[in-house]
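What follows is a single structure, written as C-alpha cells, with notes after it.
The values are calculated or read from the model by the stated rules, or taken from the named source; none is laboratory data. Everything numeric here is computed off the predicted structure, so don't read it as measured data. All Cβ positions, glycine included, derive from the backbone under ideal geometry; neighbour counts span all protein chains shown. Each accessible area value is taken on the protein alone, full model and side chains, heavy atoms only, with ligands, DNA and RNA left out. Shrake-Rupley method; radii C 1.70, N 1.55, O 1.52, S 1.80 Å.
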Amino acid sequence: MTVAEAEVSHDGIHDPHADLGDAGNYLKATKGWKTWAFTLDHKRIGMMYLASVIVAFLVGGIMALLVRTELAHAGETIMEADMYNQVFTLHGAIMVFLFIIPSIPAALGNFFLPIMLGTKDVAFPRLNLGSFYIYVFGTAFTVIAIVAGHVDTGWTFYTPYSARADNSVIWMTMGVFILGFSSILTGVNFIATVHKMRAPGIHWRRLPLFIWGIYATAVIQVLATPVLAITLLLLTMEKTLSMGIFDPALGGDPVLFQHFFWFYSHPAVYIMILPGMAVVNELIATFSQRKIFGYMFVAMSSVALALLGFLVWGHHMFTSGMSEYSTMVFSALTFLVAIPSGVKVFNWVATLYEGSISFASPMKYALGFLVLFTIGGLTGVFLGILSIDIHLHDTYFVVAHFHYVMVGGTVFGFVGGLHYWWPKMTGKMYSERVANIAFWLVFVGFNVTFFSQFILGSRGMPRRYYDYLDQFQPLHMASSGGAYIIGIGFTIMGVMFVRSWFNGEKAPPNPWASAGYEWMTTSPPHPHNFAIDPVMKRGPYDYHLCTEEELWDGFPEDFVPSDR
Amino acid sequence: MSATHDDHHHGPSWLAHHFFTPIQQFDAAKLGMWAFLAQEILFFAGLFVAYGIYRTWYPESFSVGSHMLDWRWGGLNTCVLLFSSLTAALAVRSAQLGEKKKTSMLLLITIACAFGFMIIKYIEYSHKIHLGILPAKFFLCPGFECVPPEGAAALEHWNQAKGEAMSEIATAVGASYQGEGIPFHLRSFFGIYFIMTGLHGLHVVIGIGILFWIWRRNERGEFGPEHFTAVDIAALYWHLVDLIWIFLFPLLYLID
C-alpha cells in the first residue's frame with residue numbers, strides 16, 4: 001500500500017491536526033532531563049542550540065555595550081586600553097564563532113530542515129546530537145581562554161602578533177578548531193538530508209528556498225571550515241614549536257596566514273549571510289501571500305554565492321602586500337558577488353509587487369533586512385574598488401559595512417525567523433504589540449549606531465582604536481547611544497519571548513496563513529513531525545493551489561488573539 | 001508500508017525509524033561519507049599548500065630534507081597501504097556476498113597492515129627523534145634535549161647522536177646540491193614532515209579503531225547482502241587514508 005493510498009483509506013481516522021495530547025507534542029512527549037540531554041530528535045537538538053546561541057548573543061552583546069561605553073568619550077571612560085583590546089576581541093570571537101555561524105543553520109535549520117522536507121529527522125540523528133556536544137565542548141575551551149587568559153588579538157588572530165601574544169590564544173584557537181568540527185558535521189548531515197530525505201512530491205523545484213539557502217551554506221561549511229582548522233593548527237605549531245611558516249625572522253610570511261585565514265573566513269561570511277537570506281524568502285512569501293518571484297533564480301543565486309565566496313578572499317588583503325595583478329583579479333571577482341545578491345533583492349521586491357502584504361512583526365524584520373542588507377551590500381562594492389579601499393581599509397567604514405550585513409542581514413533574518421516560527425516551535429503566541437515596539441527600537445538603534453560609523457570611517461577613524469581625536473566625539477557619542485537603544489530593544493524582545501513561553505496564548509497550526517510545508521503540522525509539532533507521512537502535491541509557495549482550509553490561519557473569525 | 005507512526009517497527013531491525021527503505025538509508029550514509037571525505041581533503045589541502053609555498057621559497061632545504069628520508073621505508077609503507085586498500089575493497093565485496101568469515105579475515109588483514117604501517121612509521125620516527133632531526137625549535141635536539149645533558153655517559157650519548165645527525169645532514173647535502181653547512185630551513189622541512197605524516201598517522205590510528213569496530217559488528221553477524229553500509233563507508237574512509245599517503249610519499253621522500 002502506498003503512502004498516498006494509506007492517507008485516503010485512513011481518512012477520517014487520522015486527522016493530521018487531531019489533538020493527541022502530550023504524545024503529539026515533541027516538547028512533552030517524554031519527560032526528564034535525560035530525554036533532552038540524550039535526545040535524537042532534531043527539534044529538541046535545535047531548541048538546545050537555540051538556547052545556547054541566545055546565551056552567546058547575550059554575552060557578545062554585553063561585550064559590545066562595554067566597547068561602545070568605553071568609546072562614548074575620548075580617552076579612558078570605563079576601562080584601560082589593555083582591557084578594551086580583550087573586550088573587543090571577545091565581542092568579535094563570541095559573536096562570529098559562537099553566535100552567528102551556528103545561529104540560523106544549527107538552531108532554526110535543525111528544527112525546520114526535516115519538517116520542511118516532510119521527513120521525520122535529519123539523515124544522521126546521532127551525529128546531530130554529537131555536533132551539538134562538540135559545540136558545547138568548543139565553547140568550554142573558549143570560555144577557559146576568556147576566564148584564564150588574555151586574548152587580545154581580535155577575532156582574526158593575525159600573525160605576527162598572535163604568534164607572540166599570550167598563550168591563552170592557543171586555548172581560544174583550539175576552541176574555534178573544535179567549534180569548526182561541529183559546523184562541518186552539521187553541514188555533512190544537512191547535505192545528506194536534503195539529497196536523500198525529501199518526502200514524496202518534494203522535488204528540487206519544490207524545495208523551500210529556506211532549504212536551498214541552508215543547503216548552500218552546508219556546502220560551504222563542509223568545504224571551507226577544514227581550511228580554518230588546519231590554519232589554526234599551524235598557528236598553534238607556530239606558537240609552540242616556532243615552526244617558521246608565518247614568522248619572517250624564520251623565513252615565513254605573515255601574509256600567508258591572512259591568505260589561509262580568509263580562504264575560510266570569506267566563505268564564512270556567506271555561511272553567515274546565506275541563512276539570513278534563506279529565512280527572508282519564507283517571510284516575504286508568507287506575508288505577501290505570493291509565490292517567490294523567479295524561484296529558480298533565487299535558489300541558484302544562493303549556490304552562486306556559495307561558489308563565488310571561495311574566489312574573493314583576497315579582497316581582505318588589498319593593503320597587506322599582494323601583487324597588483326592579484327588585487328585586480330580579486331577586485332573584479334568581488335564585483336561579481338553583486339550579481340547574485342542583486343538577483344535576490346530584486347526578486348524579493350518583485351514578489352512584494354501586487355502581493356497581499358501584511359506588516360506582522362516577522363515581515364517588519366524581512367523588510368528591515370531588505371533595506372539594511374542593500375546598504376551593507378552596496379557599501380561592500382565601495383570596498384571592493386581598489387583605489388577607494390586604500391582610503392577606507394581598516395576604518396569604521398569597514399566596521400559599519402559588515403555590521404550592516406551581519407546584523408542588519410543575518411541577525412534581522414534570525415530574529416525575524418524566530419518571531420515567524422516561534423508559534424510553531426513553542427506552540428505559543430507572543431504579544432504583537434510588544435514585538436513591534438522591540439522592532440522599532442532595534443531598527444532605529446541599529447541605524448543610529450552604524451550609520452554614524454560609516455561617516456566616522458569615511459573621515460578616517462581607524463577601527464579597533466581605543467582613543468580618538470576630538471573631531472570624532474559627536475559621532476562616537478551617537479553610535480554609543482544607538483547601541484543602548486538596540487540593547488533596550490533586545491531586552492524588551494527577550495522579556496516578550498519569556499512571557500510567551502510561560503503564559504502565551506495557544507498557537508494554531510498555521511497562524512500566518514502560510515502555504516509553507518512546516519505549517520501543515522500541529523504547533524508544536526508531533527515528535528515525528530507529521531502525524532501522517534506527508535505527500536506534497538504542490539510547492540511551498542503555491543498559494544493559488546492551496547485550499548482555503550490549508551490557508552486558514554487557525555483562528556475563528558470572531559476571535560483575534562490579543563494585540564494581533 | 002504503513003503510513004502511520006505506530007511504535008511498532010516496520011522493516012528489518014537495522015532500518016532506522018526515519019528512513020522509508022534500506023536503499024534510502026544506504027544512499028544517505030554513503031553521500032554523507034563522501035561529503036565528509038571532501039572535508040578531509042580540504043583539511044589536508046591546507047598543508048599541501050603550505051608545503052608547496054615553502055618548497056618554492058626554499059628548494060635547497062627541501063632537497064636536502066628529502067634525501068634524509070629513507071625512500072625504502074616510505075616505499076614499503078606505500079605497498080603496505082595499497083595492499084590494505086585492496087583487502088578493504090575485497091572485504092566490502094565479501095560482505096555484499098554474505099561471506100561472513102571471509103569478511104572478518106579480510107578486515108583483520110587490513111587492520112594488520114595498518115599496524116604494520118604504524119610500526120614502520122615508528123621505526124622511522126624513533127630514529128629521527130634519537131638523532132634530534134625534529135621540527136623547528138627542537139631541530140638538532142637529540143631526544144628533545146636542546147642543552148647538553150649532565151653526566152658523562154648521557155653527554156657522550158647525546159654528542160654521539162648529534163654527530164650522527166650532522167653526518168647524515170652532510171651526506172644529504174652532498175647528495176643534493178653539493179653545498180656546505182646546514183640549510184637553515186631544514187628545520188621547517190621537518191616541521192612540515194612531522195605535521196603532515198603525524199596527522200596522517202592519526203588518521204591511520206582512527207582507521208584501526210573504525211576497522212576493529214566493523215570487525216566486531218561483523219563477528220556479531222550484523223552484516224549481510226542486504227545490509228553492508230558500515231563496511232562500505234569504513235572502506236571509503238580507509239581508501240582516503242591510503243590516497244593521502246600516495247601524495248605524501250612522493251612529495252616528501254622522492255622529489256629531489
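In table form, for the structure just shown:
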quantity	calculated
Residue list for segment A:486-507, filter: within 28 Å of A:Thr522 (Cα to Cα), among the polar types (S, T, N, Q) and open to solvent by 20 Å² or more (accessible area, probe 1.4 Å)	A:Asn503
Residues that are under 13 Å from B:Trp245 (Cα atoms) and touching a residue at least 60 places away in the same chain (Cβ under 8 Å), drawn from segment B:73-126	B:Gly74, B:Gly75, B:Asn77, B:Thr78, B:Leu81, B:Leu82, B:Ser84, B:Ser85, B:Ala114, B:Phe117, B:Met118, B:Lys121
Residue within segment A:241-254 that is under 30 Å from A:Arg206 (Cβ atoms) and part of a helix (DSSP H, G or I) present	no
Pairs, first of a type in the set (D, E, K, R) in segment B:41-67, second open to solvent by 10 Å² or more (accessible area, probe 1.4 Å) and part of a helix (DSSP H, G or I), C-beta under 8 Å, six or more apart	B:Glu60/B:Ser176
Residues located in segment A:510-529, provided they are modelled with pLDDT of 90 or more and away from chain B (no Cβ under 14 Å)	A:Asn510, A:Pro511, A:Trp512, A:Ala513, A:Ser514, A:Ala515, A:Gly516, A:Tyr517, A:Glu518, A:Trp519, A:Met520, A:Pro524
Selection count, segment A:343-393, where residues are open to solvent by 60 Å² or more (accessible area, probe 1.4 Å) and in a helix (DSSP H, G or I)	9
Any hit, segment A:291-302, residues being polar (S, T, N, Q) and within 22 Å of A:Ile220 (Cβ to Cβ)	yes
Qualifying position, being more than 19 Å from A:Thr410 (Cβ to Cβ) and within 14 Å of chain B (Cβ to nearest Cβ), among A:Asn128, A:Asn85	A:Asn128
Flag if A:Trp519 is crowded, with 20+ Cβ neighbours inside 10 Å and part of a helix (DSSP H, G or I)	yes
Residue satisfying all of: in segment A:191-216; open to solvent by less than 10 Å² (accessible area, probe 1.4 Å) and either charged (D, E, K, R) or within 13 Å of chain B (Cβ to nearest Cβ) (or both); farthest from B:Leu42 (Cα to Cα) among these	A:Ala199
Tally, over segment B:41-74, of residues that are facing chain A (nearest Cβ under 8 Å) and buried (at least 17 other Cβ atoms within 10 Å of the Cβ)	8
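Results for (1) within 28 Å of A:Ala229 (Cα to Cα); (2) modelled with pLDDT of 95 or more; (3) surrounded by 18 or more Cβ atoms within 10 Å (Cβ to Cβ); (4) not hydroxyl-bearing (Ser, Thr, Tyr), shown as yes or no for each residue.
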{"site": "A:Val269", "(1), (2), (3), (4)": "yes, no, yes, yes"}
{"site": "A:Ile284", "(1), (2), (3), (4)": "no, yes, yes, yes"}
{"site": "A:Arg290", "(1), (2), (3), (4)": "no, no, yes, yes"}
{"site": "A:Phe297", "(1), (2), (3), (4)": "no, yes, no, yes"}
{"site": "A:Ser301", "(1), (2), (3), (4)": "yes, yes, yes, no"}
{"site": "A:Gly314", "(1), (2), (3), (4)": "yes, no, yes, yes"}
{"site": "A:Met317", "(1), (2), (3), (4)": "yes, no, yes, yes"}
{"site": "A:Gly321", "(1), (2), (3), (4)": "yes, no, no, yes"}
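Quick grid of which residues meet (1) in a helix (DSSP H, G or I); (2) touching a residue at least 60 places away in the same chain (Cβ under 8 Å); (3) surrounded by fewer than 16 Cβ atoms within 10 Å (Cβ to Cβ):
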position: A:Ala29; (1), (2), (3): no, yes, no
position: A:Gly46; (1), (2), (3): yes, yes, no
position: A:Ala51; (1), (2), (3): yes, no, yes
position: A:Gly60; (1), (2), (3): yes, no, no
position: A:Met63; (1), (2), (3): yes, no, no
position: A:Asn85; (1), (2), (3): yes, yes, no
position: A:Ala93; (1), (2), (3): yes, yes, no
position: A:Ser103; (1), (2), (3): yes, yes, no
position: A:Tyr133; (1), (2), (3): yes, no, yes
